[in-house]
Amino acid sequence: MPPKPRPTKFHVMEFAHHDEAAAFVAALSRFLESPAGGGPSRRSSIEVWARSAVASEGVRLFLSDNALKAARTAFAPVPIVRTVKRGSLPDESFLIIEGGVTPAWGLAEASTRLARQ
């Protein structure tokens with residue numbers, strides 16, 4: 001079976017505080033690993049990228065279509081400010097959640113992972 005194509009567009013969420021973004025990332029990672037989070041086919045096309053300079057600054061998260069669907073299932077409403085193409089992701093962004101790969105995290109681990117890039 002050929003690999004699924006990578007997502008081509010991402011929905012942007014902006015958080016004023018690092019801790020808010022970390023809480024969202026932790027909760028989404030836990031939801032994706034739960035029975036309600038969907039099967040492997042749904043998780044395989046989930047990507048969440050992050051841009052987080054330092055813990056004292058805001059954070060931007062970039063959710064693929066399936067990541068947004070999962071987030072809306074778990075946390076509706078999900079405040080999206082715009083949509084960007086994969087090629088427009090900031091150079092300093094990094095993949096923080098990958099469906100089928102990323103385990104469920106607690107708040108402290110999600111916060112550390114957002115800050116270490």
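Every read-out reported here was derived from the displayed coordinates using simple, explicitly stated rules and does not represent laboratory data. Predicted, not measured: the structure shown is a model, and the values here were computed from it. Note: ideal-geometry Cβ built from the backbone for every residue, glycine included; neighbour counts use all protein chains shown.
Calculated from the alpha-carbon coordinates, region 9-102 shows an Rg and a Dmax of 12.3, 36 Å respectively. Ranked by the mean number of other Cβ atoms within 10 Å per residue, highest first, peptides 21-27, 100-106, 75-81 order as 21-27, 100-106, 75-81.
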